1. If we restrict to alpha carbons, what Rg and Dmax does the range 70-130 come to, in Å?
2. Could you line up R146, R139, R60, R177 from fewest to most neighbouring Cβ atoms inside 10 Å?
3. Mind sorting W185, W43, W48, W64 by how few other Cβ atoms lie within 10 Å of their own Cβ, fewest first?
4. For A122 and S93 in one chain, what is 0.36 nm times their gap in residues minus the Cα-Cα distance, to one decimal in nm?
5. What value in Å³ per residue do you get for the convex hull of the alpha-carbon atoms in the range 31-193?
6. Under a crude label model (7 Å from the Cα following the beta-carbon direction), how far is I162 from A83 in nanometres?
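Rule-based calculations on the coordinates, nothing more; no lab input. Fair warning: this is a prediction, and the values are worked out from it, not measured in the lab. Note that we place each Cβ from the backbone using ideal geometry, even for glycine, and neighbour counts take in every protein chain shown.
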Amino acid sequence: MRRVDLCRALGLALCGLWFGVPANAQTVPVCPAQPVAQVFMPWADPAWYASVPDGGMEARNGAWRLDGAAAFVSGNEPYFVRAPGDGWALDLSAGASAVSAPVCIGIGHPALRFFARTSKPAQSTLRVAIEFTDLAGVRRSQEIARLTAGGSWAPTPPVLIIANALSLLKPQWLSLRFTADGGGWQLDDVYVDPYGKG
C-alpha cells in the first residue's frame, strides 16, 4: 500500500474510533428531507436553511409552548424572508420563554439563526437552550448561547447547535428554548442550517 493510501486509511480508522462509528460504515441515519432556502443571503450567508415547525409564527397553534408572559403578536420582521403575507411574531416579556416543537438535528445541522429585536438593547439578553434526550435516554437541557440585539429587527449571528456531538450515531430530535432576560424580546423566522457552513 502506498504511503498516501496508508495515511488516508489510518485517518479514517482513527475518525471511526474517535466518534464510535465504524470507518467503513456505508450509511448513516439522516433527518427527514426538509424544504430549504437561502434565507440569509442578503446578509452574506449563502447557507441553505430550513424552518423549524411554525418558525414564522403564522400558525400560532401547537408548535410552540409559551411560558410566562409570552405571546404571539401582530407584526413581522420587515424583510419578509419567509413569505410577503406573513404578519406575526413571538413576543417575550422579561422572564418569559418559548419552546419550539421538536426539530431533527443531525451531523449536518450545525447552526440556528433567526430574526430578533429587544426593548432594552443595553440591558437585556436572550438565552437560547436546547432540550433533548441523550443517547443514554436521559432528558437534558443545555444553554447554547446568550444573545444581545438592537431595538430594530435584524438577523442574529449563526448559533452553533452543540447537540451535534450527540448526533454522530443517529439524528437527535430536540426543542429550542428562548428566554428573555432583563427586557422584552421579539423573535421571528427561526431556521436551522441542515447542510453546514462552508
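1. 13.6, 36
2. Sorted ascending by nearby Cβ count, the order is R139, R146, R60, R177.
3. Starting with the residue having the fewest Cβ neighbours, the order is W43, W48, W64, W185.
4. The span from A122 to S93 would gain 8.9 nm if fully extended.
5. On the way: hull volume 17.5 nm³, N = 163.
It is 107 Å³ per residue.
6. For I162 paired with A83, the spin-label model returns 3.6 nm.
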